[in-house]
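A short worksheet on the structure shown next.
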Amino acid sequence: MTRIFALAAVSCALMATTALADGHCAAGKTMTEGKFTIATGNPAYYPWVMDDAPESGKGFEAAVAYAVAAEMGFAADDVIWVRSSFDEAIQPGAKNFDVNMQQYSITPERDEVVDFSTPYYSAPMAVLVSPGATDTPATLAALKALKWGGVGSTTAVSKLADIVQPDGDVLLYGDNADVNAAMSANQIDAALFDLPTALFLSAVMIEGSKVIGQFPADAGDDLDQFGMLFEEGNPLKTCVDDALAVMTDNGALAAIEAEWLQDTTGVPLIK
Amino acid sequence: MANDEAGGLSRRERYEKQQRRRSSLIAAASTLIVLVALVVLVPMAPGWEKVQKSFFNGAVLAKSFPKLLDAFKINLMIFAWSAPAIAVLGLLIALARDAKSPALFPLRIFGAAFTDVFRGVPVILTVYLIGFGIPGLGLPRPWNSPYIWGSLALILTYSAYVAEIFRAGIDSVHHSQRSAALSLGLSERQVMRDVILPQAVRNVVPSQMNMLIALQKDVSLLSFIGPVEIFRQAGVFKSLLANFTPYVGAAIIFLIVTIPATRYADYLMARQTRERR
Amino acid sequence: MAKLELRRVVKRFGDTTVCNGIDLDVEAGQMVCLIGSSGAGKSTLLRCINLLEPIEDGEIFLDGSDISIPGLDPQSVRGRIGMVFQNFNLFPHMTALENAMLAPRRVRGLSRAQLQPEIENLFEKFGLADRMGNYPDQLSGGQQQRVAIVRALAMRPEVMLFDEITSALDPQLVGEVLDVLLLLKQQGMTMVLATHEMGFARQAADKVCFLKDGRIIEEGPPSALFDTPQMDETKAFLSRALK
Ligand SMILES: Nc1ncnc2c1ncn2[C@@H]1O[C@H](COP(=O)(O)OP(=O)(O)OP(=O)(O)O)[C@@H](O)[C@H]1O
Ligand SMILES: [Mg+2]
């Protein structure tokens, strides 16, 4: 897989000096001609972007971004990173990015306001429990009885209501750090995240916490899939979709996933 | 002759009537112009359609409104138990700061430090520190509830402000009232309770009413530590639907409550002034 | 023994000495008038007698007992000495009746019902029977000042202090308030007045004291003080005041 990444890098390097050829799909469709502007979160975090430095190409989303850019004919140097919030992404008016990539789940409602690429990752939902609740069995019945929390801006909120249907009120927070604080204060037992984020939080942020189980990616009403976000009607979408299709077919996407996203098969499925 | 035609109105009354009609005409006309400008011109702006779709989306509003109303009950609940606590604590702190007896000196210092600290720190910080911090010390459920400690953060912050307003109210009562009351043989306590405070409290009703309205809005800060009140609920909808209309819905619900509250406060004040003429 | 005795009373505000060794005897049932130009210390002296201001030196005796001992609880003394102020100082949030009832209820521990006959009687006596339910700002100045007098009398004081109680009134209202003082004098009330009403002082006072710079420079029965003043300062003041 490193070989493929290296290959992509080499092809980038080869094209670094040439302007975007006229025949290319993205020609005339980016904000700045010849440049590909990608927005990520502020901060962007592991395992999506390593060390909050997307320019390094390290981390799952950073790697996918460079690979897609290369596939579309952009040199690594022509990729420009900007930071953006979810609100900026969905507000009306001109955008400061060509694509925005920060684990946005594709939903039909969101799709009415913005455009999404085809998915680049299918995220199973996982249950992160606080240090005091690590011996909770990975069954739905046991999970219902827990005191649940979540990040209010994620699709995990609706998944929680769909799949788990907790007995008590759910407490919601602004970001992962606050979920962490609530777990430390023993105000919540469990929170729902996409599996990579859950693994990251338990390993790095919330001491003593544990990912006790995952739901199959197709649990609930619809699949939780990440897509790159465009301004509604952006013609660049087809170019990105084409690039992703090629990468899916030739296994490049899977290789990147295998390199940056931890092996998740060790996390038991919740029954 | 002029009197007959005006149906018994005096010259002056006729003039004033005419003036009144004139000014209401002007007021109506200018209001109309402003409204027309808003209704006609704003939609003519190039980005209007998109703005309308993401901020004033009827379908989204209809979908989110019932749940927003539901969430607003949490705001009302938190408000309902915080406001009386704030009034009582604010008054106690105001009295502590004005305490003259040397035995109460520590209380005075405490009162001063309290108001300095809680007025100096942004509310959201206090909400975080108390809402996550104190439960983090290891309190068992349900005593570590964010509702309890978040409300306490609001109560502490707001009573610091409310105390200062009460103090200003106490200062606004002329010292001759104190002299007169003392000369009748009332004790310092009685003077405060029966003579100074009633006047002080009445003098600060409008300012305190403003504090209540501000509190009503700041209850939403508790959403940062977990409770899914209207602001958080609107945020959830925003993320889910990629649309800002739920925030507009929340704003409408806030206004439905605060506008009558403001009007009522004004009315109370006006009635009081009238009665006392 | 006089009802009220002042011995070498000294009152200072910072560096300024406002009462500079005042001696004064007020016999029971006497009306004593304090006259003197503005700033002479009349109001301050009255406030000292009522213990609203602590004195620096000297003694004040009420019925022979020293009420100016430092540390003495002033509350019990104030109930025995009533005071009425230039600006009425009625409590604006209470009706006339409530104004009069507050202190007796709180200090004497009586209920409204117990007080009702006594206080209504006072209001009636001073021509305020139909004003008891009014708030102060619904009353004329003269009425307000009479309510203030009723309020002080409701505590059944033994001595009454009046500080220029007619100065804030329109001239045509002064008479009704002075009439009240005459009524009180008839009933044997012991009274000390600071006043600019020379005509009234001459007609009604038992003793007139002329104050200047915190001292009583001259005192005596009104006829003597007004007609044959001894001191030059008194003469100068009177010639200005009676002009
Ligand atoms: N609380 C106070 N602090 C400082 N100085 C004061 C205070 N009260 C009164 N004085 C001063 O004491 C002096 C006497 O004041 P006072 O009011 O007793 O005079 P007065 O004889 O009643 O005059 P007037 O006829 O104007 O009422 C004045 O110079 C006044 O400025
Ligand atoms: Mg005076």
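Nothing in this text is a laboratory measurement; each read-out follows from the coordinates by a stated rule. Here the structure is a predicted model, which means the values were calculated and not measured. A quick note on method: Cβ atoms are made from the backbone with ideal geometry, for glycine too, and the neighbour counts reach across all protein chains shown.
Derived scalar couplings between HN and Hα for segment B:74-82 equal 5, 4, 4, 4, 4, 4, 4, 8, 7 Hz in order, rounded to whole Hz, by the Karplus curve 6.51 cos²θ - 1.76 cosθ + 1.60 (θ = phi - 60°), x for Gly and Pro. Label-to-label distance for B:R119 and C:M1 is 5.3 nm, based on points extended 7 Å past Cα in the beta-carbon direction. Straight-line cross-link reach from A:K29 at under 17 Å between alpha-carbon atoms covers these lysines, not counting any fewer than eight positions away in the same chain: A:K95, A:K237.
Per residue, the average separation of C-alpha pairs within less than 8 Å and at least 6 apart gives segment B:55-276 a relative contact order of 31 percent.
So which chymotrypsin sites (Phe, Trp or Tyr not before Pro) in segment B:4-101 are both in a DSSP loop and have at most 16 other Cβ atoms within 10 Å of their Cβ? Qualifying residues, ordered by number: B:F56. Across q = 0.07, 0.08, 0.16 Å⁻¹, segment B:55-276 modelled as identical point scatterers on its alpha-carbon atoms has Debye log10 I(q)/I(0) values of -0.30, -0.38, -1.13, in the order of the q list. Mean per-residue shielding of peptide B:220-227 is 5, counting Cβ atoms of other chains within 10 Å of each Cβ.
Relative to the longest principal axis of the Cα atoms of chain C, helix C:232-241 runs at roughly 40 degrees.
Among the chymotrypsin sites (Phe, Trp or Tyr not before Pro) found in segment C:32-126, not one is both in a DSSP coil and sparsely packed, with 11 or fewer other Cβ atoms within 10 Å of its Cβ. Note on B:R202 and B:D70: with the Förster distance fixed at 35 Å, the Cβ-Cβ geometry gives a FRET efficiency of about 0.40. Pairs of alpha carbons in segment A:63-172 separated by more than 17 Å make up 66% of all such pairs. Taking only the C-alpha atoms of chain C, the Rg (one decimal) and the largest Cα-Cα distance, Dmax (whole number), read 17.9, 56 Å. Put a dot 7 Å past the Cα of B:D266, heading toward its Cβ, do the same for B:A37, and the two dots end up 2.1 nm apart. Between C:K235 and B:R193, the C-beta separation translates, for a Förster distance of 56 Å, into a calculated FRET efficiency of about 0.65.
Taken one residue at a time, the phi angles of segment A:56-65 give Karplus couplings (6.51, -1.76, 1.60, θ = phi - 60°) of 6, x, 9, x, 4, 5, 4, 5, 4, 4 Hz. Gly and Pro are set to x. Beyond 30 Å in Cα-Cα separation lie the following of the pairs A:K210/B:K53; A:K159/B:K63; A:K58/A:K271; C:K11/C:K207: A:K210/B:K53; A:K58/A:K271. What would the Debye equation give as log₁₀ I(q)/I(0) for segment C:13-107 at q = 0.16, 0.19, 0.26 Å⁻¹, counting only Cα atoms as equal point scatterers? These q points yield log10 I(q)/I(0) values of -0.85, -1.12, -1.51.
Taking the three principal axes of the alpha carbon atoms in segment B:130-213, the coordinate ranges are 55, 27, 15 Å, sorted in descending order.
By its C-alpha gyration tensor, with a ≥ b ≥ c as the square roots of the eigenvalues, how is chain A shaped: rounded for a/c under 1.5, else prolate for a/b larger than b/c, else oblate? In terms of gyration-tensor shape, prolate. Considering helices alone, the calculated mean residue ellipticity of the protein assembly as shown at 222 nm is -15500 deg cm²/dmol, with DSSP H runs of length four and up weighted by -39500 (n - 2.57) and normalised per residue. With a ≥ b ≥ c the root eigenvalues of the C-alpha gyration tensor of segment C:165-215, is it rounded (a/c under 1.5), prolate (a/b larger than b/c) or oblate? Since a/c reaches 1.5 but b/c is at least a/b, the shape of segment C:165-215 is classed as oblate.
Using only Cα atoms, tell me the angle between helix C:96-107 and the longest principal axis of chain C; keep it within 0 to 90° and round to the nearest 10. Here the helix axis deviates by roughly 80 degrees. Sorted into 10 angstrom bins from 0, the C-alpha pair distances of the protein assembly as shown split as 2, 10, 15, 14, 12, 10, 9, 9, 8, 6, 3, 1, 0 percent. Per-residue Karplus couplings for segment B:113-125, computed as 6.51 cos²θ - 1.76 cosθ + 1.60 with θ equal to phi - 60°, are listed in order as 4, 4, 5, 4, 5, 6, 7, x, 9, x, 4, 4, 5 Hz, Gly and Pro entered as x. Can you pull the percent of Cα pairs in segment B:29-105 with separation above 16 Å? Here the long-distance tail beyond 16 Å is 75 percent of all Cα pairs in segment B:29-105.
Label segment A:125-214 by shape, choosing from rounded, prolate and oblate, from the square roots a ≥ b ≥ c of the eigenvalues of the Cα gyration tensor; if a/c is under 1.5 it is rounded, and otherwise prolate applies when a/b is larger than b/c, oblate when it is not. Cα axes put segment A:125-214 in the rounded bin. Remark on C:C209: its backbone amide H falls under 5 Å from those of C:C33, C:L34, C:I35, a criterion applied only to residues 5 or more positions apart or on other chains, H modelled at 1.01 Å from N.
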